[in-house]
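Below is one structure, written out as C-alpha cells, with a few remarks after it.
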Amino acid sequence: MTEQQMEDLFHFYGHEDLYRRFKIPLYVTGLLDDSEAEHLEDFFDHFTLDCSILFDEFRFWYRYFEVSKKGMDGTSPYY
C-alpha cells in the first residue's frame, strides 16, 4: 500500500491524528507496505481505536487481525 493510500484511509475513517503520529513509525517498520488497502479498511471497520493508542498497540492489533484473517499457516479460513 502506498503512503498516499494509507493517509487517505486514515483520514476517511477519522483517524487523522493517529496518522500524523504514526506516519514515521509506519514508514520505518513497513507495517502496511505489503498490505492491501482493503485489509486496512476491514481493520478500521472492525476495531475501535482510541486516540491515545500507542503505535505498538496499533501494530499488535493490526497483526492480530491479519493473522486471524489468514490463519497461522497463511491460508484463510474465511475464503
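The values are calculated or read from the model by the stated rules, or taken from the named source; none is laboratory data. In this text the structure is predicted, and so the values were computed from the model without any measurement. In this analysis, Cβ positions are derived from the backbone assuming ideal geometry, glycine residues included, and neighbour counts consider all displayed protein chains.
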* Please find, within the stretch 2-60, the residue that is farthest from residue 70 (Cα to Cα) out of those that are hydroxyl-bearing (Ser, Thr, Tyr) and part of a helix (DSSP H, G or I). => 19
* Flag if residue 30 is in contact with a Pro (Cβ under 7 Å, 6 or more places away or on another chain) and either loosely packed, with under 13 Cβ neighbours inside 10 Å or modelled with pLDDT under 95 (or both) -> no
* Between a first residue in the stretch 1-27 that is among the hydrophobic types (A, V, I, L, M, F, W, C) and a second residue that is in a helix (DSSP H, G or I), which pairs have beta carbons less than 6 Å apart while being 6 or more apart in sequence or on different chains? -> 1/37; 9/40; 10/19; 22/55
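Looking only at the stretch 35-70, which residues are surrounded by fewer than 13 Cβ atoms within 10 Å (Cβ to Cβ) and modelled with pLDDT under 90?
Of everything in the stretch 35-70, just one residue is surrounded by fewer than 13 Cβ atoms within 10 Å (Cβ to Cβ) and modelled with pLDDT under 90, namely 67.
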